[in-house]
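Throughout, read-outs are computed from the coordinates displayed, never taken from laboratory work. Just so it is clear, the structure is predicted and the values come from calculations on it, not from any experiment. Here the Cβ positions follow ideal geometry from the backbone for every residue, glycine too, while neighbour counts run over all protein chains shown.
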Amino acid sequence: MAPLSIRDFTLEARTAGYQILAAEQLRSNRLLMTLSEPSGVITLVMVQARALIGASDVQDLAQIMQLRHPARGILLAHGGVFSATAQQTLVELGDPRVRLCTVLPTASRAEVEGVPGLAVKRVST
């Protein structure tokens, strides 16, 4: 598996609509990015490049979230999958802010006149 590149993932995050506030190379196979959505919502994304992502990776993200207090946290499996124990650990955490993803979700653009979280459906005429 190719080493993780901060540059590649910051480009991916920008393409998905996020603003990059910080990007850290925690290990050769792990990145931590602090992203901001257009609405101002802060999301921590831990990118893990390994064939099988385990429970300890989920716990690591949860601990970092306790320290940094983001609105959301995403554990992103790069070139791998989540083990059954990782999925069970997510359930046991009971924190709806934490997500396990294999693709970075697009940033929410749900903001109306400065009101975060208020979605608008655009209708073409």
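Given points 7 Å out from each Cα along the Cα-Cβ axis, report the Ala84 to Leu26 separation in nanometres with one decimal.
Computed distance between label sites Ala84 and Leu26 equals 2.6 nm.
Grab the Cα-Cα distance for Ile64 and Gln19, subtract it from 0.36 nm times how many residues apart they are, and report the gain in nm with one decimal.
Contour length minus Cα-Cα distance gives 14.2 nm.
Can you tell me what percent of all Cα-Cα pairs in the range 38-107 are more than 21 Å apart?
18 percent
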